[in-house]
Amino acid sequence: MRIEGRGSNQRVVLDVSVSPNAKKTELVGWHDGALRVRLAAPPVDGAANEALRKWLAKEIGLSQGQVELIRGASSRRKQWALAVDAPQVEAWLRRQPILQN
């Protein structure tokens, strides 16, 4: 997680490593410095990206418009910009039992 920009243009950037075609969508830990997420969506026609956008928005408590894919549209490794304050994302990360090792 890192913070980009200043003032009202500030956003949090998350690196996410994705495994599509899973039985269910879930956070499974860290992988090479990125959040590892299994997605219950196929990597076809942007379906996995859209599923991940919806999942991140719901999990962190954002609207889908606050979640933007900035890198990795056709890759397993993605960067997502979240239009939210860092403490909100940090609080969400602390609430994830899988990350508390």
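The values are calculated or read from the model by the stated rules, or taken from the named source; none is laboratory data. In this text the structure is predicted, and so the values were computed from the model without any measurement. FYI the Cβ positions are ideal-geometry reconstructions off the backbone, even for glycines, and counts take in every protein chain you see. Side chains included, ligands, DNA and RNA excluded: accessible areas come from the protein's heavy atoms. Shrake-Rupley method; radii C 1.70, N 1.55, O 1.52, S 1.80 Å.
Mean-square fluctuation check for the chain, GNM, Cα pairs under 10 Å: which of ARG71, ARG38, ARG11 is largest? Residue with maximal mean-square fluctuation among ARG71, ARG38, ARG11: ARG71. Multiplying each eigenvalue of the alpha-carbon gyration tensor of the chain by 5 and taking the square root yields semi-axes of 21, 16, 12 Å, largest first, rounded to whole angstroms.
Against the main long axis of the alpha-carbon atoms of the chain, helix 47-60 sits at an angle near 40°. Listed by chain and number, the lysines whose alpha-carbon sits under 20 Å from that of LYS78, ignoring those within fewer than 8 places in the same chain, are LYS24, LYS54, LYS58.
Taking springs between alpha-carbon atoms closer than 10 angstrom, which of ALA81, ALA22, ALA48 fluctuates most in the Gaussian network model of the chain? Ranking ALA81, ALA22, ALA48 by mean-square fluctuation puts ALA22 first. Dividing the mean sequence gap of close Cα pairs (under 8 Å, 6+ apart) by how many residues the chain holds gives a relative contact order of 27 percent. Charge dipole of the chain (Cα centre as origin; +1 on each Lys and Arg Cβ, -1 on each Asp and Glu Cβ, all else neutral): 180 debye, rounded to the nearest 20. In the neighborhood of ASP32, defined by Cβ-to-Cβ distances under 12 Å, what is the net charge if each Lys or Arg adds +1 and each Asp or Glu adds -1? Charge balance near ASP32 sits at +2. Looking only at PRO43, PRO20, PRO87, which one moves most when the chain is put into a Gaussian network model with springs between Cα atoms under 10 Å? Among PRO43, PRO20, PRO87, the largest GNM mean-square fluctuation belongs to PRO87.
Solvent exposure of region 30-101 amounts to 59 Å² per residue of accessible area, where only protein heavy atoms count and the probe is 1.4 Å.
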